[in-house]
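Have a look at the structure below, then the notes.
What follows draws every value from the coordinates through simple rules; no lab data is involved. A quick note: this is a predicted structure, and the numbers were derived from the prediction, not measured. Ideal geometry is used to build each Cβ from the backbone, glycine not excepted, and the neighbour counts take in all protein chains shown.
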Amino acid sequence: MIHPHIADALKIPDLVRLTDGLVLIRFESMKIYSALGAVRHLLDRGTIRPGQTLLDSSSGIYAYALALACHRYGLRCHIVASTTVDTTTRAQLEVLGATVEQVRPSGTLQLDQELRVRRVREILATRPGTHWMRQYHDDIHYLGYHEVADRITAAFGDRPLTVVGGVGSGASTGGLVERLRATDPAVRLVGVQPFGSVTFGSQDHHDPEAIIAGIGSSIVFDNVRHHLYDALHWLDFTHAMAGAVALLRDHAVFAGLSTGAAFLAAGHEARRHPDRLHLVIGADTGHRYVERVFARHREALDPAALKPVEIAQPEELSMPWSTMAWQRTPCPAAWKERAA
């Protein structure tokens, strides 16, 4: 197949068998599906037009995806970037034609996201005609993952399936599993969260070493549909690092921290449910984590020696790794009231 644009080629994932019970769905950059699907939908609907500027905030993966989508469809792109956006990613964004503002360094996930949201609102107030993509809140970002789900169904439709991945904006895991459950309601979804994220109640636990970009939040994301998740895992930086290093060492897969965290969580789930196939979402490559993770590989913990604390409710959370049966429970009303 000859693709009309590089984005159409880059979006396609590879399926890699890790063990009998674990398969990795490995993306070059997962959110290309989300950005392409959303932009195409907005163009078809007439909400945006070629030449218009699309704006959003990102910790890296979505910024690259949106820049590619804008390049493909003849749109301008403006990114308010997290401090986790590295030099390599920023350079690619700028060459692709995106304008990039990076917020000042901050020590917490909460401050980083608050600064980005504040700046987005300032831009919208002063630049009429700019369209905010709202990757965290607009459910059009679910649409692109339907194609991925159909690929998964075609590959594994005859085996009980559990999907394991970072929660983040909610669109990737949510979009995949809603589509998969249309044909098999028994598909399980296991979400992965960092400590410090408000999404599933870990905001009072501070991970001192690092922000795990893209899988947690200090603000409420409307695209997270809590009732889709069967179980949750909360992991700190050291455990995500252990998973990422082990994935490279044992399986030659160079992937980011969210993939490392999902790999570790999926291993635990597979030991508990050996009858099921566990699909690990590998959202991106490991390039932006070279200095903070892979150059320190000798410090990585041995995954075989790690196991989570099993809890019954978020109030029992304890670092560095906790897990809980969520059982497709809707977002608690008290959490919504607190966010409001």
- Message: Full-extension gain between GLU299 and THR183, please, as 0.36 nm times their residue separation minus the C-alpha to C-alpha distance.
- Response: 37.4 nm
- Among GLY174, LEU115, MET1, which residue has its Cα positioned farthest towards the positive end of the charge dipole of the chain, with +1 placed on the Cβ of Lys and Arg, -1 on the Cβ of Asp and Glu, and the dipole taken about the Cα centre? MET1
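Per DSSP H run of n ≥ 4, the term is -39500 (n - 2.57); total these for the chain, divide by its residue number, and report the mean residue ellipticity at 222 nm rounded to 500 deg cm²/dmol. Before the final figure, lay out each step's value.
Working: 10 runs with 121 residues, N = 340.
Dividing the helical sum by the residues of the chain leaves -11000 deg cm²/dmol.
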- Item | Phi to ³J(HN,Hα) by Karplus 6.51 cos²θ - 1.76 cosθ + 1.60 over region 192-203, Hz, x for Gly, Pro | 10, 10, x, 6, x, 8, 7, 4, 10, x, 9, 5
- Task: Assign unit charges at the C-beta atoms only (+1 for Lys and Arg, -1 for Asp and Glu), then state the dipole size of region 32-139 relative to its Cα centre in Debye, rounded to the nearest 20.
- Result: 280
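Would you order HIS233, HIS3 from fewest to most other beta-carbon atoms within 10 Å of each residue's own beta-carbon?
Ordered by Cβ neighbours within 10 Å, fewest first: HIS3, HIS233.
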- Counting only C-alpha contacts under 8 Å and six or more residues apart, can you give the relative contact order of region 203-340 as a whole percent? 33
- Item | Label-point gap, in nm, between GLU291 and THR87 - each point 7 angstrom along Cα→Cβ | 0.7
- Using a basic spin-label model with each label point 7 Å from the Cα along Cα→Cβ, how many nm lie between VAL95 and HIS206? 3.9
- Query: How do the peptides 304-315, 177-188, 276-287, 73-84 rank, highest first, by the average count of neighbouring beta carbon atoms within 10 Å per residue?
  - Reply: 276-287, 73-84, 177-188, 304-315
- Once Lys and Arg are counted +1 and Asp and Glu -1 for all other residues with Cβ under 11 Å from that of LEU15, the total becomes +2
- Item | Antiparallel %, DSSP beta bridges [both residues in the chain], to 5 | 25
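If packing is taken as the average number of other Cβ atoms within 10 Å across a peptide's residues, how do 35-43, 4-12 rank, most packed first? Walk me through the intermediate numbers first.
Values: 35-43: 22.0, 4-12: 16.0.
Ranked from most to least packed, the peptides come out as 35-43, 4-12.
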- Evaluate the relative contact order of the chain (contact order divided by residue number), counting alpha-carbon pairs under 8 angstrom at least 6 apart; express in whole percent. 18
- Order of ARG90, ARG104, ARG116 under a 10 Å beta carbon neighbour criterion, fewest first: ARG104, ARG90, ARG116
- Message: Only counting other Cβ atoms within 10 Å, I'd like GLU269, GLU291 sorted with the fewest neighbours first.
- Response: GLU291, GLU269
- Message: Can you tell me the orientation of helix 145-156 relative to the chain, as the angle in degrees between its alpha-carbon axis and the longest Cα principal axis, to the nearest 10?
- Response: 30
- Query: Karplus couplings for region 88-104 from phi (6.51 cos²θ - 1.76 cosθ + 1.60, θ = phi - 60°), rounded to Hz, Gly and Pro as x?
  - Reply: 4, 5, 4, 4, 4, 4, 5, 5, 5, x, 6, 9, 10, 10, 10, 5, 5
- Message: Just to check I understand the Karplus step: with θ = phi - 60° and J = 6.51 cos²θ - 1.76 cosθ + 1.60, what whole-Hz values come out for region 308-317, glycine and proline as x?
- Response: x, 8, 8, 10, 9, 7, x, 4, 8, 3
- Message: Under the rule a/c < 1.5 gives rounded, and otherwise a/b versus b/c splits prolate from oblate, where does the chain land using the Cα gyration tensor?
- Response: rounded
- Checking rank on 118-126, 321-329, with mean other Cβ inside 10 Å and highest first, the result is 321-329, 118-126
- Taking the alpha-carbon centroid of each part, what is the distance from region 52-100 to region 12-30 in angstrom? 26
- Task: Just subtract the alpha-carbon distance of TRP132 and VAL117 from 0.36 nm times their residue separation and send over the number in nm, one decimal.
- Result: 4.3 nm
- Message: If I model a spin label at ILE219 and HIS5 as a point 7 Å from the Cα along the Cα→Cβ vector, what separation in nanometres do I get?
- Response: 2.7
